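Shown next, in structure tokens, is the structure this report addresses.
The values are calculated or read from the model by the stated rules, or taken from the named source; none is laboratory data. In this text, all values refer to a predicted model and were calculated from it rather than measured experimentally. Cβ coordinates were reconstructed from backbone atoms using ideal geometry, including for glycine residues, and neighbour counts include every protein chain displayed.
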Amino acid sequence: MKVIYILWLRQIKRYLRSRPRVIGSLAQPVLYLVAMGMGFGPIYKQAGEGSYLQFLAPGIIAMSLLFTSLFAGIEIIWDRQFGFLKETLVAPVSRWEIMLGRTLGGATVATVQGMLVLAIATLIGFRLPQPTQVIMALPIMLLIALFFTSLGTAIASRLEDMQGFQLIMNFLIMPIFFLSGALFPLKELPASLGVVTRLNPLSYGVDGLRTTLTGAAHFGLSTDLLVLGSATTVVLALGSYLFSKIQI
């Protein structure tokens, strides 16, 4: 447990020391909230759907969680190149504890990012029916962050160069994000697109955030929690297995 805590704390300290990283990771969500939330707002309202910013904000929070979580895996490659990973792996502790500590740290950082985006969205005009709904949204944020941090770790465990990792991330991130319902409602989609969105884990994360923050549900909160919890358990186990196979 001590190793898990130390690695978790190390990830948090890295995040707090890197102010440009914090500011840069907030720039894209803010751009989406301002440009799309306000730009498409009148069109969305004319269609009789209400405020587009209210609909969009949970999806952009999920986007921030997705980006931050997946790219946490690049730190494994970075540590491997600079020798820190080797020093960690030769320590007399299980690799499962090492992986869990790093994953929890990355997930915590991503969750903090999500909370910052939520705060910015509130300043822009997003309204919470009840402030206590933020507490209800936290487990959803953490599950999203754990799933994608574990996925990033699993992918990074099989790669040795940053360029390859970034190419795979760019290949994954955009389809996952755009086919999650973050930018458009999932109801009345074409059958083929509906199947794809149901297979996308982020769809349940977006729906869970939208349910807890605005009360608008598509799948239902119990389904969202069941799917996210099950998927996170599987990917966490896969990430642990692949991490244990890293050659030093």
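Among the candidates 189, 238, 242, which residue alone is at pLDDT 85 or above and either at positive phi or not basic (Lys, Arg) (or both)?
238
Report yes if some residue within the range 195-214 is buried (at least 22 other Cβ atoms within 10 Å of the Cβ) and basic (Lys, Arg); otherwise report no.
Within the range 195-214, one or more residues are buried (at least 22 other Cβ atoms within 10 Å of the Cβ) and basic (Lys, Arg).
Kindly establish whether residue 198 is of a type in the set (Lys, Arg) and under 23 Å from residue 112 (Cα atoms).
no
Of all residues in the range 118-132, which are buried (at least 16 other Cβ atoms within 10 Å of the Cβ) and more than 15 Å from residue 55 (Cβ to Cβ)? Please lay out each step first, then the result.
Keep residues of the range 118-132 that are buried (at least 16 other Cβ atoms within 10 Å of the Cβ), which gives 118, 120-121, 126, 128.
Answer for the range 118-132, where residues must be buried (at least 16 other Cβ atoms within 10 Å of the Cβ) and more than 15 Å from residue 55 (Cβ to Cβ): just 120.
Please tell me if residue 246 is surrounded by 13 or more Cβ atoms within 10 Å (Cβ to Cβ), touching a residue at least 60 places away in the same chain (Cβ under 8 Å) and assigned to a loop (DSSP other than H, G, I, E, B).
yes
Please report, ordered by residue number, the helices (runs of 4 or more DSSP H) entirely within the range 129-218 with at least 3 residues that are without any contact (Cβ under 8 Å) to a residue 12 or more places away in the chain and not aromatic (Phe, Trp, Tyr).
162-178, 191-199
I'm told residue 142 meets every condition in (1) over 12 Å from the mean Cα position of the chain (by Cα); (2) buried (at least 17 other Cβ atoms within 10 Å of the Cβ); (3) under 20 Å from residue 202 (Cβ atoms) except one. Can you identify the failing condition by its number?
Condition (1) is where residue 142 drops out.
Mind checking which helices (runs of 4 or more DSSP H) fall wholly inside the range 62-127 and carry at least 1 residues that are at pLDDT 85 or above?
Of the helices (runs of 4 or more DSSP H) lying wholly inside the range 62-127, those with at least 1 residues that are at pLDDT 85 or above span 95-124.
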